[in-house]
Structures are given as structure tokens and as C-alpha cells.
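A.B. asks: Attaching a single structure in C-alpha cells format; questions to follow.
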Amino acid sequence: MNETYPLWVHLFRVVAVFLLFLLTTAMLIWAERRLVALMQSRKGPNRVGPFGMLQTLVDGVKMFFKEDVTPSMVDKVLYGIAPLVGVVVGFLSIAIIPFGGEVTMFGETFVLQAADLNVGVLWFLAMGSLHVYSVVLAGWASQSPYPLLGGVRSSAQLISYEIAQGLAVASVFIYAGSLRVSDIVGIQAQGPGLIAGVPNWFVLPLFPAFVVFLVGMVAEAGRPPFDLAEAEGELVGGFHTEYSGMRFGMFMLAEFMNVVTMSAIMVTLFFGGPAGPVFGPDWFSWILPILYFMAKMAFFIVFFVLLRAALPRIRYDRLMALGWKVLIPVGLVWVLVTAAMVLVNEQATSRSRVLIFGGGVALALLLFLVAPLFSRSTGSAVTEPRDTEEVTA
Amino acid sequence: MSTTASDDFGQDVFVDGADWEVVEDAVGESTITVNMGPQHPSTHGVLRLVLELEGEIVRNVKPVIGYLHTGIEKNAEYRTWVQGTTFVTRMDYLSPFYNETAFCLAVEKLLDIEVPERAQTIRVILMEFNRIASHLVWLATGGMELGAIGMMIYGFREREHILDLFESQTGLRMNHAWIRPGGLANDVTDDFVQRCEHLLGLLPEKMREYEDLLLDNPIWRERLTDVGVLSAGDAVRMGVTGPLLRAAGVPADLRKAQPYCGYERYEFDVPTQDSGDSFARFLVRLEEMRQSMRIIRQALDILPGGPVMVADKHIAWPAQQSLGPDGIGNDPAYIRHIMGESMEALINHFKLVTQGFTVPAGQVYVPVESPRGELGYAVTSNGTNKPYRIHVRDPSFVNLQATNLMSKDRMVSDLIAIVASLDPVMGGVDR
């Protein structure tokens, strides 16, 4: 942010990121429907546009024109704000993601990124926290049991998994030594990796953090098997049961935007962002990083989709147990290990680097072996039954 | 006195049951009352569960039924005995052949007639295919309710193959009214055996797919294991039958205990499990599908020739076909006989079709082992051409009363798994 660009550069970047993000989201919805259909021996949307790619668009139009019913009991202000919060936060959190490398246009050289904040990673976490409000407010404002349960579930779920995710992210910026996303991407793009010939992506040195983030991002995005906030089989629609029309559409959009954002953050933090071999003429070397980024992101988006198609929904208490008893301890220990790694690394020789890394991995493995012992402690019984005398009457 | 499940036979089980007009105040001291259903994705149609929730914990469940009341039992009193099959097949719409067979067995018992062996064997084949189809629906809907959206499609996909077989024989995918008092409406088509064998080749492979998908899936196991435990004692006291009872370790199966339709000739096992939880029911139903295939294979081997309807012209529905098995095209020889040769035959045809046959006065109860448990028909005749009273003991109805016992003090998610493992069909419950 030190350099000053003319206004059009800022505008261009914002619009480019916005459009790219929106398009990716639209494509994600289409891809999800096609992929899930493929796994279920169905065809999926195939009428509008080539391979039904424009289905999302017409669905969006439909949403706009549908009647927006506001139930009479709701808290009208909060009821209206909740979906907006979801969408706005979704758009804001993508702002810190660098989609491509440096490009030069009309004499200005800049990075394809809406805003390179010096607190970049924290911005993402902050937006994640704000997203909770969208769900909780929707659940509360609806004044109806299912949304309330959905809201309560998701507030607990999102807050606990935010901690796990935050710890995973913490080990990334400790390792990178910077909160600025461009620095994190830059370090991954250059410099010798742990293993010769393999890119220095943080997924390798920070593998446990990667695993924590991977599970955390599915829970944070509220996607199956962790889609307890909406859990259609249990809570009908969960927090958005009482919503209809475009307001419901905004929740849906927010959910899918979350998937894109999470995949983008994942790629940025652990897979080098737009990094990759660049060659060819100027215009080609601008396009390539964007393609790399999109390809990496697509990988995680497909991961989300496959999870949805393959797995049943986990139960609420098991989800919390997984978060608090496995992910958070693993994340916490790995933050310490990373910090130790970085401290020693500042003076150590390459041989001791290997030793320290090996020690870290050994510690992490040990942790993975020990953690299940803690998570299994309370079978599946939920609570002790209430005094049974009064129930029998 | 406790309402929790226990193996101890000495305990009493209380079933809360009463008419009530208002749902208790929506907000209790620390509980809220939630109406789950009658419109809810996981209540198998229109079951309404009034839940008393303390946070996520279900403190009390009151199943409310009657939203699919069709008055079939009453209506059947105004129809002839043959028309009765058309009604009863619509009760438990996932197991139409069981309804038809049980009803027809009851009528045949009152008539004191012996149905030809070919008809009996075909009934067995169709019923066992019906069991597989019904269990497939259970697997599909149960999977979807627990979030396994793939299972939903797979289950219905294979069920469709079975329904294709039904359609090819009876003309209808469901609600066939094809099994009639005295036998079957028509004989099966020439390619019936071939179609059955094709299905028998297809299904085991598909079942392995389901097992690959779910059996060792940790989430699936976690959602079902120790959920909805119903001990053998509680199950017996609640009158629960079928896979639920067998999952609790009681090898109760009417096909073994009181064989009908010649079940004593087939070799098959009654699968049981000991734990009595939802996962045990899952395993029991999977194995039942395998055993059904085993029975079908044996039945196809011994499928005898001969008529599929009793010879008695006063009972046998005049449905001789010659042009096609789909009900189009009566046999010209038969038409010639009633239209040109014998006035008495025409009168008999007319009387049989419009008035139906009379059934000697009496009262019988005939149970069969439906996919959901003991499906019993208590039929009373006063000697006329219409039933005096039909009462159906529907397994879904009886099994539902164990809902509260199984789901008290469990989480809402568990309640969903429990209702899914009960596999209630509301058409059968409300009748």
C-alpha cells in the first residue's frame, strides 16, 4: 500500500476481483450441480446455455422475481440486515486475495489484488467472525424454532472452528513472518523449499496446520458434512427457514461465496497462491498466474463438492468434539512448533533445520495418535436423563 | 418407574397417549415446544412429532397421526371382496403386495379355498421383490435424512428396476390390486422368470455398492450406533415387530413361525443383531434383502405350471386374456362362450363382476411378515358380498409408539435417525 496508484487502477482491481469472484461463484454452483449429478447417475442442469452453464443466472433471476414473504412475527430490522451481512462480508473477505501476478497496464504496474492490507490475514479472520452475525441474526430475527436452533448451532460451530482456523493461520504468518498476504505469497513463490525441486508451498512445512485449516474451512463454510446450521433433514432449512425470494437467494449466494473464499484463502496460504512456472510473452505471463490460481482453487472447490456428495451429516456434538478436542489442540501445538522452528531457523545450519523439521513432524504424529484418545471419552450418550419420575405421569 | 430402555423384563413401560387439543404453551421453563411436521423433510410424509426441546435435547416426543387418514378400512365395507384388494393395496403404499396378499389370504381362509400352487409361488416372488423395494426406499430416504444425498438416488434407482418388473406383470408400478382372492388376476408373462433373474443378477452388485458407501463410513456408523436403542424386552412390550424386533435379537419372523403361501418350502435365515440400535436395524435390513433374493431364487427354481386362479367359477375373476397381458383384449373363446353359447355363463359373469361373490360368515385374523413387521388383517364377514369389517394391524402404526421411548433425552439429530430407522409409512399408519 506504499505505492500510490491512480484511481482507475483501484477501480479496475476492485471490479476485476468482484467480477471474477461472482463468476467463480456462479460456476461453482453449476459445477456442483453437475458433479453431484454425475455421482448420482443424473444429468444435472443441461438446458440453459452450453451444458446448462447459465442455469445459475436464470435461477438468480427467478430468485429476484419471487415474492419475498416477511413473516409477521419477525424482528423486521434484523431480519432484513442478516442476509445483507452475509453477502457483504463474503465480498469483503475476498478483497485480500491476490488472483494473479504483476501486470502492467497503461504504464502502471500493479498486482491483481483488490487490497494488500498490512493485516491481510487478520482481515480474513475478522470477516469470518462477522459472517457469524449473518447466521445468528437470521436465526434470532426469524422468531421461529428451527431458525433459532440453526442459529444457535451455527454460532457455536463457527466460533469454535474459527479458533481452530485462526491457529492454523497463525502458524502460517509466524512461519512467513508477515501478515501481509503479498508477503506470504511472495515467500512461497521464491526461495529454496524444504525438498529440492519442490515448490516452497507452506503445505509442506506446515502440514498439520493445513489439515486443521482443511477441516476448519469446511465447517466455517457450513458445507456438508458440517452443514448443521441448515441441516435440511433435521431443521428444514435451519437459519434461513423463514426466508424466501431474494433474501433467501442472498444466503445461498453467501454460502457459495464462502466456499470460493475458503478455497482461495487455502490456495493463498498453503499452495503459493498464483505461483507457478511463468514463461512466454508478456500477456501470457499475466494470464498464467491467474490460471494457476484458478486451477488450484478449482481443486478445493471440487473437494467441497465431493464431500457433499459422499458423506452423511455429522452430529452436532461430534462436530464440537472434533473442533475442541482434536483440531484446536493440534493447531495450538503446531503454532508452538512453528514458532520454535522459526526461532531456531534464524541461526541454524541446514542440517539442524532438517532435524528440527523432523522433530516437529514426529511431535505432530504423536499428537495425532494421542488426540483420538481424548475425543472418544464420552460415547454417544448426550446427557443424563432428566428425573424420570415426572415424565412417566 | 422408568421409561428408559432396559433389558430388564420386570420394568413397566408407559406410553403417553391421549387426545389433546392444544399444544402446551410454546415456551416452558427451560424447554420449547417444536412441531416437527406434518410438513417436514424427514417425517416420512405427514407424521407430526410434537417435541419438547431443551436446547438440542429432546425431552419428550408425542407422535401425532391422522394427517393421511384415507378411510380405507371403512370404505372397504362398501365394496365387494374383490374391490377390497384395490383399496387395501393403497394403505402401506411401499408394500402393496403384502397388503393384497394378507387381505386375500384372509378372504381365502373365510372361503376355505386352496389357491393353486403357481399363484402361491408367484405371490412369494413378488412379495420378496417388494420387500427389497421397500427396504431400498428405507435406505434411500434414511440416507437422505442423515445427509447422504447419494444414497437417496441410488436406492430409488434400483427400486425403479423392481417396479419395472411389477409394471411389466401387473400394469402398475404401485397399488397393483393384482393379487385377488383365489389367486392372481392374470398369469405372469413368458419373460417373467428371465426378468427376475436379470434383477437377481443386478441387485447383489448394487448392494455391495451401498455397503461400500455406508457400512464402514465413520459418520454413518456414528450417527446410527447406540442411537434409538430398543431392547428386546421393550420391543416386545411395545408390540414392535419386524426388523426392529430382530435387530434387538429376537428372531421373530412370521414366515418361519406361521408359514403362509408355502414359505415352509424355502430355505432362508432370519437375520438378527443384538444391539437393538439403529445400526443393527440397518444391518438387519441389508441382510433381509439378501435373504429375499435367496427365497426368490428358490421360488423361481420350483415355479410350477398350472392355473393361477382357483377353478371355482363362482369365485374366479373372469379375466381370461389373449391379446396382451396388460388387460387389453379379452380371450375371443371366452367372449364367444358367454355371449353366444351359454346364457348361464353370461349371468355368472355379470353377477360376479357387479355383485361379487359372497363369503361365509366368520371372522379371521391373518398376519404376514411385511417389510415393516407383522401386517395383520382381521376380516369379519356376515355372509354377504361385502366385508362386514376389516381391521388392519399395521406394523408402522404399532412401531411408532416406541418413538418416545427411543428418542427421549437424545439429540434432535438422533430423533431423525430414529424415525428413519423405524421406517414408518404414514399411509399404513393412518389407513
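Read-outs throughout are calculated quantities, based only on the coordinates presented, and are distinct from any laboratory measurement. These numbers were taken from a predicted model, which means no experiment stands behind them. Using ideal geometry, Cβ is built from the backbone for each residue, glycine included, and neighbour counts are taken over all protein chains shown.
A.B. asks: Starting from the amide H of B:Glu374, placed 1.01 Å from N in the peptide plane, find each other amide H under 5 Å away whose residue is 5 or more places distant or on another chain.
C.D. replies: Placed amide hydrogens put B:Thr241, B:Gly242 under 5 Å from B:Glu374.
A.B. asks: I would also like to ask the following. Between A:Val15 and B:Asp191, what is the label-to-label distance in nm when each label sits 7 Å out along the Cα-to-Cβ direction?
C.D. replies: So the two model labels end up 6.3 nm from each other.
A.B. asks: A follow-up question, please. Pop the C-beta distance of B:Asp312 and B:Lys256 into the FRET formula with R0 = 30 Å and round what comes out to the nearest 0.05. Don't jump to the answer; show the numbers that get you there.
C.D. replies: On the way: r = 31 Å, r/R0 = 1.03.
The value I calculate is 0.45.
A.B. asks: Moving on. Please compute the length gained on full extension between B:Leu200 and B:Ser168, using 0.36 nm multiplied by the number of residues separating them and subtracting their Cα-Cα distance. Don't skip to the answer; put the middle values down first.
C.D. replies: Details: separation 32, 0.36 × 32 = 11.52 nm, distance 1.62 nm.
Separation in residues times 0.36 nm, less the Cα-Cα distance, equals 9.9 nm.
A.B. asks: Could you pull out which residues in the range A:61-98 have an amide N less than 15 Å from a spot 7 Å beyond the Cα of A:Arg47, following the Cα-Cβ vector?
C.D. replies: A:61-63
A.B. asks: So what are the ³J(HN,Hα) numbers for the range B:221-234, from phi and the Karplus equation (6.51, -1.76, 1.60; θ = phi - 60°), rounded to whole Hz, Gly and Pro as x?
C.D. replies: Computed from phi, the couplings for the range B:221-234 are 5, 5, 6, 9, 5, 6, 9, x, 5, 10, 6, 4, x, 4 Hz.
A.B. asks: Subtract the Cα-Cα distance of B:Leu300 and B:Arg157 from 0.36 nm times their separation in residues, and report this length gain in nm to one decimal. Working shown, then result.
C.D. replies: Working: separation 143, 0.36 × 143 = 51.48 nm, distance 2.40 nm.
Stretched out fully, the B:Leu300 to B:Arg157 stretch lengthens by 49.1 nm.
A.B. asks: In the range B:55-94, if every C-alpha pair distance is counted and binned at 10 Å from zero, what percent goes to each bin?
C.D. replies: Computed distribution, short to long bins: 24, 35, 18, 14, 8, 1.
A.B. asks: Let me ask you something else. Tell me the label-point distance for the pair A:Ile159, A:Lys62, using the 7 Å Cα-to-Cβ offset, in nm and rounded to one decimal.
C.D. replies: 3.7 nm
A.B. asks: Looking only at Cα atoms, what is the convex hull volume of the range B:77-150 per residue, in Å³? Display every interim value, and only then the final one.
C.D. replies: Numbers: hull volume 7.0 nm³, N = 74.
Spread over its residues, the Cα hull of the range B:77-150 gives 95 Å³ apiece.
A.B. asks: So, one more: For B:Ile32 and B:Glu264, FRET efficiency with R0 = 45 Å and r from the beta-carbon atoms, rounded to 0.05? Please report the intermediate quantities before stating the final value.
C.D. replies: Values: r = 53 Å, r/R0 = 1.19.
Plugging the Cβ-Cβ distance into 1/(1 + (r/R0)^6) gives 0.25.
A.B. asks: Only helices at least 27 Å long along their own axis, judged from Cα atoms, and with Kyte-Doolittle mean hydropathy of 0.0 or greater: name those in chain A from DSSP H. Mind showing how you got there, number by number?
C.D. replies: Details: long enough: A:7-39 (47 Å, 1.69); A:120-141 (32 Å, 1.50); A:145-176 (45 Å, 0.83); A:245-270 (38 Å, 1.40); A:282-310 (43 Å, 1.64); A:350-375 (37 Å, 1.67).
Going by DSSP H runs, the hits are A:7-39, A:120-141, A:145-176, A:245-270, A:282-310, A:350-375.
A.B. asks: How large is the charge dipole for chain A, taken about the Cα centre, if only the Cβ atoms of Lys, Arg (+1) and Asp, Glu (-1) carry charge, to the nearest 20 debye?
C.D. replies: Details: 23 positive and 25 negative charges, 185 e Å.
Result for chain A is approximately 900 debye, rounded to the nearest 20.
A.B. asks: While we're here: Give me, ordered by chain and number, the residues 5 or more places off A:Gly100 or on other chains with an amide H under 5 Å from its own placed amide H.
C.D. replies: HN-HN under 5 Å from A:Gly100: A:Leu112.
A.B. asks: Moving to a separate point now. Just list whichever of B:Lys109/B:Lys351; B:Lys74/B:Lys351; B:Lys206/B:Lys256; A:Lys43/A:Lys66; A:Lys66/A:Lys296 have alpha carbons separated by over 31 Å in the model shown. Each step should come with its number before you reach the end.
C.D. replies: Numbers: B:Lys109/B:Lys351 22 Å; B:Lys74/B:Lys351 24 Å; B:Lys206/B:Lys256 28 Å; A:Lys43/A:Lys66 26 Å; A:Lys66/A:Lys296 36 Å.
Correct reply: A:Lys66/A:Lys296.
A.B. asks: Relative to the present Cα-Cα distance, how much length would full extension add between B:Gln39 and B:Leu346 at 0.36 nm per residue of separation?
C.D. replies: Details: separation 307, 0.36 × 307 = 110.52 nm, distance 5.11 nm.
Here the answer is 105.4 nm.
A.B. asks: A further question on this structure: Checking a compactness column here: for chain B, what do you get for Rg(Cα) / (2.2 N^0.38 Å), N being the number of residues?
C.D. replies: Values: Rg = 22.8 Å, N = 431, 2.2 N^0.38 = 22.1 Å.
After normalising by residue count via 2.2 N^0.38 Å, the value is 1.03.
A.B. asks: A follow-up question, please. Give me, ordered by chain and number, the residues 5 or more places off B:Arg180 or on other chains with an amide H under 5 Å from its own placed amide H.
C.D. replies: Excluding prolines and chain starts, which carry no amide H, the hits are B:Ala185.
A.B. asks: A follow-up question, please. Within a Cβ distance under 15 Å of A:Val119, other residues only, what is the Lys/Arg minus Asp/Glu net charge?
C.D. replies: Numbers: positive: A:Arg180; negative: A:Asp116, A:Asp183.
Around A:Val119, the charge tally is -1.
A.B. asks: Between the range B:353-428 and the range B:115-132, what's the alpha-carbon centroid distance in Å?
C.D. replies: After rounding, the separation between the Cα centres reads 20 Å.
A.B. asks: Which value in Å does the Kirkwood hydrodynamic radius of chain A take, with 1/r averaged over all unlike C-alpha pairs and then inverted?
C.D. replies: On the way: mean 1/r = 0.0442 Å⁻¹.
Answer for chain A: a Kirkwood hydrodynamic radius of 22.6 Å.
A.B. asks: Defining a contact as two alpha carbons under 8 Å apart and six or more residues distant in sequence, what relative contact order in percent does chain B show? Intermediate results must be reported in sequence, preceding the final value.
C.D. replies: Numbers: 815 pairs, mean separation 110.6, N = 431.
Result for chain B is 26 percent.
A.B. asks: Moving on. Taking GluC sites (Glu not before Pro) as exposed when DSSP calls them loop (any state but H, G, I, E, B) and at most 11 other Cβ atoms lie within 10 Å, what is the longest stretch of chain B free of them, the sites themselves excluded?
C.D. replies: Numbers: sites that count: B:Glu21, B:Glu29, B:Glu114, B:Glu267.
With GluC sites (Glu not before Pro) excluded where exposed in loops, chain B gives B:268-431 as its longest stretch.
A.B. asks: Another question about this same structure. List B:Arg336, B:Arg195 from most exposed to least, where exposure is judged by having the fewest other Cβ atoms within 10 Å. Could you put the intermediate results ahead of the total?
C.D. replies: Working: B:Arg336 11, B:Arg195 16.
Ordered from fewest to most neighbouring Cβ atoms within 10 Å, B:Arg336, B:Arg195 come out as B:Arg336, B:Arg195.
A.B. asks: Sticking with this structure for a sec: Which semi-axes, in whole Å and largest first, does the equivalent ellipsoid of the protein assembly as shown have when worked out from the alpha carbon gyration tensor as the square roots of 5 times its eigenvalues?
C.D. replies: 61, 30, 25
A.B. asks: Nearest 0.05, what FRET efficiency do A:Leu307 and B:Glu77 give at R0 = 41 Å with Cβ-Cβ as r?
C.D. replies: Details: r = 54 Å, r/R0 = 1.32.
Step by step, r from the Cβ atoms, then E = 0.15.
A.B. asks: Then there's this: In nm, to one decimal, how far is the modelled label at B:Ile113 from the one at A:Leu7, with both set 7 Å along Cα→Cβ?
C.D. replies: Result for the modelled spin labels: 9.4 nm.
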